[in-house]
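To keep things clear, I will list the structure first and then write my remarks on it.
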Amino acid sequence: MKSIKIVISILILLQSNYLLAESCEQTIESNDMLQFNLKEMAISSNCSKLTVILKHTGQLPVNIMGHNWVLTDTNDFMAVAQAGGAAGPAAGYLPEGDSRVIAASSMIGGGETTSVTFSTSGLAASGDYTFFCSFPGHYAIMKGSLKIID
Ligand code: ZN
């Protein structure tokens, strides 16, 4: 009986991953506790564009608890995150015109929602990508991986 339950949970899990991967529009939430609600995002290689909707479910203002959604190659993540912190609030804590930034939303505060749509043509199926918040200090916790699934 227990094994049947496990099989059913695995099937539900597989199905939800499949649905997630098939969606070319995905929503991720952030909060006042320095958290994204997802550690992993997966997109289908069939998506020519991806739209990421970022919701900030907290209450703190953008200058205190600002969040954005930035995507880079995992190899570039640390350097871009650190350069972002140095770029300051007027630049949205992102190095200006940095080609290592694959996509980035605007920085938002509690109660706000933003989105970014970008072409996936630069993403390789075998690639290793990291999404994070570039507000100073947040990237240590607010990060996750993005994968492309066939
Ligand atoms: Zn943040």
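Could you tell me what fraction of 2.2 N^0.38 Å the Cα radius of gyration of the chain comes to, as a two-decimal ratio?
1.10
For the chain, how many pairs of lysine residues have a Cα-Cα distance under 27 Å, where the two are 8 or more positions apart or belong to different chains?
9
Rank these residues by their accessible area, most exposed first, probe 1.4 Å: Thr117, Thr51, Thr72.
Final ranking, largest accessible area leading: Thr117, Thr51, Thr72.
Give me the accessible area per residue for the chain, probe 1.4 Å, as a whole number in Å².
55
Give me the net charge for the shell around Met65: Cβ to Cβ below 15 angstrom, other residues only, Lys and Arg +1, Asp and Glu -1.
-2
Taking the Cβ of Ala79 as the centre, find all other residues whose Cβ is under 12 Å away and add up their charges (Lys, Arg: +1; Asp, Glu: -1).
Spelling it out: positives minus negatives among the neighbours equals -2.
Mind pulling the angle between the C-alpha long axis of helix 74-87 and the longest principal axis of the chain? Nearest 10 degrees, somewhere in 0 to 90.
With both axes taken from Cα atoms, the answer is about 30 degrees.
In whole percent, how big is the carbon plus sulfur part of the accessible area of segment 24-149, probe 1.4 Å, protein atoms only?
51
Between Phe118 and Glu29, 0.36 nm times their residue separation minus their Cα-Cα distance comes to what?
Separation in residues times 0.36 nm, less the Cα-Cα distance, equals 30.2 nm.
Counting only the heavy atoms of the protein chains, how much of Glu112 is accessible to a 1.4 Å probe, in Å² to the nearest 10?
Accessible area, nearest 10 Å²: 90 Å².
If Rh is defined by the Kirkwood formula over all Cα pairs and Rg also comes from Cα, what ratio Rg/Rh do you get for segment 71-150?
Ratio of gyration radius to Kirkwood radius: 0.95.
What net charge is computed for the residues neighbouring Gly144, neighbours being all others with C-beta under 13 Å from the C-beta of Gly144, Lys and Arg scored +1, Asp and Glu -1?
0
Under a 10 Å cutoff between Cα atoms, tell me which one of Gly111, Gly92, Gly84 has the largest fluctuation in the Gaussian network model of the chain.
Highest fluctuation of the listed residues: Gly111.
Working out 0.36 nm times the residue gap between Lys39 and Ser99, then minus their Cα-Cα distance, what length gain in nm do you get to one decimal?
19.2 nm
On C-alpha positions alone, give me the angle between the axis of helix 2-22 and the longest principal axis of the chain, in degrees, nearest 10.
50
Exposed loop sites here are trypsin sites (Lys or Arg not before Pro) in DSSP loop states with at most 16 other C-beta atoms within 10 Å. What is the longest stretch of the chain lacking them?
40-99
The values are calculated or read from the model by the stated rules, or taken from the named source; none is laboratory data. Nothing here was measured: the structure is a model prediction, and the numbers come from that model. Don't worry about glycine lacking a Cβ; one is built from the backbone with ideal geometry, like all the others, and counts go over all protein chains shown. Just the protein is used for accessible areas: all its heavy atoms, side chains included, with ligands, DNA and RNA removed. Shrake-Rupley method; radii C 1.70, N 1.55, O 1.52, S 1.80 Å.
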